[in-house]
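*Asks:* Got a structure for you, written out below as structure tokens; questions coming shortly.
The values are calculated or read from the model by the stated rules, or taken from the named source; none is laboratory data. Every value quoted in this text rests on a predicted model; they were computed, and no experiment measured them. Note that we place each Cβ from the backbone using ideal geometry, even for glycine, and neighbour counts take in every protein chain shown. With ligands, DNA and RNA removed, areas are computed over all heavy atoms of the protein, side chains included. Shrake-Rupley method; radii C 1.70, N 1.55, O 1.52, S 1.80 Å.
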Amino acid sequence: PSWGGETGPESLCDVAGNLPPEIVKHLAGMRARVVRFPHGTDNDYTSWTDLIDLPGRAQRPVTVGHQGDPVTNRFGYVEYFRLAKQLGWRTILVTNLRDALYRKA
């Protein structure tokens, strides 16, 4: 989502992470069966906790992608899985095993 600014669902969703009905309609029209979430290259630069609400945290943090662009994380795991259920998607859940593999965390 950080290729020169937010170009993913964050650029279209409201502050609560909801996509406009017109966008959902177009996504449904694609009849996708499997969807990959979240992101690709930026996965190495984002903590999974940035994509969820945590007790005591007013809002999700803005993360910085691989090219230095900010991402609001308004469209996180809860928002994605709600949409996936609505549209009947199966999910390829992207995980960052590199940090664990290289003992960075």
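*Asks:* Using a 1.4 angstrom probe with every protein chain in place, what is the largest-first accessible-area order of Thr7, Thr63?
*Replies:* Descending order: Thr7, Thr63.
*Asks:* If I take R0 = 22 Å and measure r between the Cβ atoms of Asp69 and Ser47 in this structure, what FRET efficiency does the formula 1/(1 + (r/R0)^6) give, to the nearest 0.05?
*Replies:* For R0 = 22 Å, the calculated efficiency reads 0.85.
*Asks:* Moving on to the next point. Determine the gain in length on full extension of the stretch Lys85-Ser11; use 0.36 nm per residue of separation and subtract their C-alpha separation, reporting nm with one decimal.
*Replies:* In short, 24.5 nm is gained.
*Asks:* Computed over the Cα atoms of the chain, what is the convex hull's projected area averaged over all directions, in nm²?
*Replies:* If I average the Cα hull's projected area over directions, I get 7.3 nm².
*Asks:* About the Cα centre, and with charges only on the beta carbon of Lys, Arg (+1) and Asp, Glu (-1), how big is the dipole of the chain? Nearest 20 debye, please.
*Replies:* 520
*Asks:* Lys/Arg Cβ at +1, Asp/Glu Cβ at -1, dipole of region 1-74 taken about the Cα centre: which of Pro61, Ser47, Met30 is farthest positive-ward?
*Replies:* Of Pro61, Ser47, Met30, it is Met30.
*Asks:* Any chance you could give the angle, 0 to 90 degrees and rounded to 10, that helix 21-30 forms with the longest Cα principal axis of the chain?
*Replies:* 90
*Asks:* Another one. Could you work out the relative contact order of the chain? I mean the mean sequence separation of Cα pairs under 8 Å and 6+ apart, divided by the number of residues, in percent.
*Replies:* With pairs under 8 Å counted, the relative contact order is 37 percent.
*Asks:* May I pose another question? Please give the FRET efficiency for Val24 paired with Leu101, using the beta carbon to beta carbon distance and R0 = 22 Å, rounded to the nearest 0.05.
*Replies:* 0.05
*Asks:* Let me ask something else about it. Computing the accessible area with a 1.4 Å probe over protein heavy atoms, can you report the carbon and sulfur percentage for the chain?
*Replies:* Answer for the chain is 57 percent, counting heavy atoms of protein chains only.
*Asks:* Rounded to the nearest whole Å², what accessible area per residue is found for region 48-102 with the 1.4 Å probe?
*Replies:* Result: 67 Å² per residue.
*Asks:* Relative to the longest principal Cα axis of the chain, at what angle does helix 77-87 sit, 0 to 90 degrees, rounded to 10?
*Replies:* Around 30 degrees separate the two axes.
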